[in-house]
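K.L.:
Okay, handing you the structure first.
The values are calculated or read from the model by the stated rules, or taken from the named source; none is laboratory data. Note that this is a predicted model, so its numbers are computed, not measured. Counting neighbours? That spans all protein chains shown, and the Cβs are built from the backbone with ideal geometry, glycine included. To get the accessible areas, we keep the full protein, side chains included, count just its heavy atoms, and leave off ligands, DNA and RNA. Shrake-Rupley method; radii C 1.70, N 1.55, O 1.52, S 1.80 Å.
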Number of protein chains: 2
Amino acid sequence: MGSEALLTNAIPKPQNIENVAADSSQISENGPPIQNCIMHQLIVQGNIQNGHHIENGSLHENADGFSVRRLQLSDHKKGFVELLGQLSPTRPLSQEEFQERFAELVSMGPDHHICVIEDPVSCQVVATGSIFIERKFIRGCSKVGHIEDVVVDKGARGLRLGHRVVKHLVDHAKATGCYKVVLYCKPELREFYQKCGFMEKNVQMAFYF
Amino acid sequence: MGSEALLTNAIPKPQNIENVAADSSQISENGPPIQNCIMHQLIVQGNIQNGHHIENGSLHENADGFSVRRLQLSDHKKGFVELLGQLSPTRPLSQEEFQERFAELVSMGPDHHICVIEDPVSCQVVATGSIFIERKFIRGCSKVGHIEDVVVDKGARGLRLGHRVVKHLVDHAKATGCYKVVLYCKPELREFYQKCGFMEKNVQMAFYF
């Protein structure tokens, strides 16, 4: 499905990057070990500049400690699959199953991209979205980006993480030369996507086996 | 775009397989050389059985001489790109451009499939549709088929060629293990796709660069 579980009736949970850096022991006690946390990595590596950091050549917003980055194998243990379960029925995946599908998608290079946002305190994945790039013959061998599976954790809604995910995916589509990006969503999410710069187009039809 | 140009207000143009076989010289005079025509190939190879033929391991309907087959490089000279122009703005492609995109898509194996229907008399491509298979993590590493760019030539509408194209693509999705197939279309095509077994689902949103 396209983008179905998003930010409504959510309570903002602002995170403060300075507080995270200043009292890591407290975080370590309250959540996963700090050495596993992306925020800790960023602080140690000192690669936060002007509210952004650069990782693997991609620019990620990082104003409040919630950074958008590409899906990693380690996200299997950070609640990525469980997060998708808030969008669509999803059984648990073994490490091997996850790794196999991950490898298939990575082999597609920039034609398939999954991004995540990790909570800097809990070190759990709290938002994700994916895009695949379709190569066409029309419009002079054009490309179209298809956004899929956008979901924000119920406990992290109201932080505009969905906007960041969608913006990241749209930016990816633009960088790969797409002339447009499309997605399908429930009617009640029209307004959210309109705020992200999308306009309503056609209707979606589905055939189930 | 999904599936936009289809069979409305069309005049049926029945083709008779026996006539084609019986007077090939006439066809040769009125259209492209008969040796380039798929009908001629089928007759010579004698692989028409019970209204179907098998090519490259795929079953194609062939009751009236209009067979569904996979896109071939030679379709560049059979009006394939011009046919797509009835769906979306499409400039002419050079042989090299066509070949390059063709090779990219073929390298995806069954994860990308374009089918065409060739007119057995004119030997021109008169219908086409494509599908790409998206690999997901949800639903136990499931797959979803995405149908795109379904179009039937204005002069060949009313022959149910659109139904054949869609059925072929749905069959392909099923064969590759998809749990569903989706597409988006203009609201006026709802009924056509409902007759093909689809049900209306969500709304499509688009972002243009």
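K.L.:
If I go through the range B:151-173 residue by residue, how many of them are of a type in the set (A, V, I, L, M, F, W, C) and assigned to a loop (DSSP other than H, G, I, E, B)?
P.N.:
Number satisfying all stated conditions: 1.
Conditions (1) within 20 Å of B:I138 (Cβ to Cβ); (2) charged (D, E, K, R), marked per residue:
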residue: A:K143; (1), (2): no, yes
residue: A:H146; (1), (2): yes, no
residue: A:R157; (1), (2): yes, yes
residue: A:G162; (1), (2): yes, no
residue: A:D171; (1), (2): no, yes
residue: A:L189; (1), (2): yes, no
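K.L.:
Follow-up question, since we're still on this one. Condition check: out of contact with any Ser or Thr (no Cβ under 6 Å at 6 or more places or on another chain), within 13 Å of chain B (Cβ to nearest Cβ) and modelled with pLDDT of 95 or more. Does A:K154 satisfy that? Spell out the reasoning first.
P.N.:
On the way: out of contact with any Ser or Thr (no Cβ under 6 Å at 6 or more places or on another chain): yes; within 13 Å of chain B (Cβ to nearest Cβ): no; modelled with pLDDT of 95 or more: yes.
No.
K.L.:
Residue by residue through the range A:188-204, note down the ones that are at the interface with another protein chain (Cβ under 7 Å from one of its Cβ atoms) and open to solvent by less than 30 Å² (accessible area, probe 1.4 Å). Spell out the reasoning first.
P.N.:
Kept after step one, since they are at the interface with another protein chain (Cβ under 7 Å from one of its Cβ atoms), are these residues of the range A:188-204: A:190, A:193, A:197-204.
If the condition is that a residue be at the interface with another protein chain (Cβ under 7 Å from one of its Cβ atoms) and open to solvent by less than 30 Å² (accessible area, probe 1.4 Å), then A:Y193, A:F198, A:N202, A:V203, A:Q204 are the ones that fit.
K.L.:
Right, here's the next one. If you go through the range B:103-122 one residue at a time, do you hit one that is on the phi > 0 side of the Ramachandran plot, acidic (D, E), touching a residue at least 12 places away in the same chain (Cβ under 8 Å) and open to solvent by less than 30 Å² (accessible area, probe 1.4 Å)?
P.N.:
Checked against the condition, which is being on the phi > 0 side of the Ramachandran plot, acidic (D, E), touching a residue at least 12 places away in the same chain (Cβ under 8 Å) and open to solvent by less than 30 Å² (accessible area, probe 1.4 Å), the range B:103-122 yields no hits at all.
K.L.:
Related question: Look through B:V181, B:V170, B:V165 and report the one residue that is free of Cβ contacts under 8 Å to residues at least 40 places away in the same chain and open to solvent by less than 30 Å² (accessible area, probe 1.4 Å).
P.N.:
B:V170
K.L.:
Restricting attention to the range A:74-99, which residues are assigned to a helix (DSSP H, G or I) and either of a type in the set (S, T, Y) or open to solvent by 20 Å² or more (accessible area, probe 1.4 Å) (or both)?
P.N.:
A:S74, A:H76, A:K77, A:K78, A:E82, A:Q95, A:E96, A:E97, A:Q99
K.L.:
Taking only the range B:174-183 into account, find how many residues are more than 7 Å from chain A (Cβ to nearest Cβ) and either in a helix (DSSP H, G or I) or closer than 15 Å to A:Q204 by Cβ (or both).
P.N.:
Number satisfying all stated conditions: 1.
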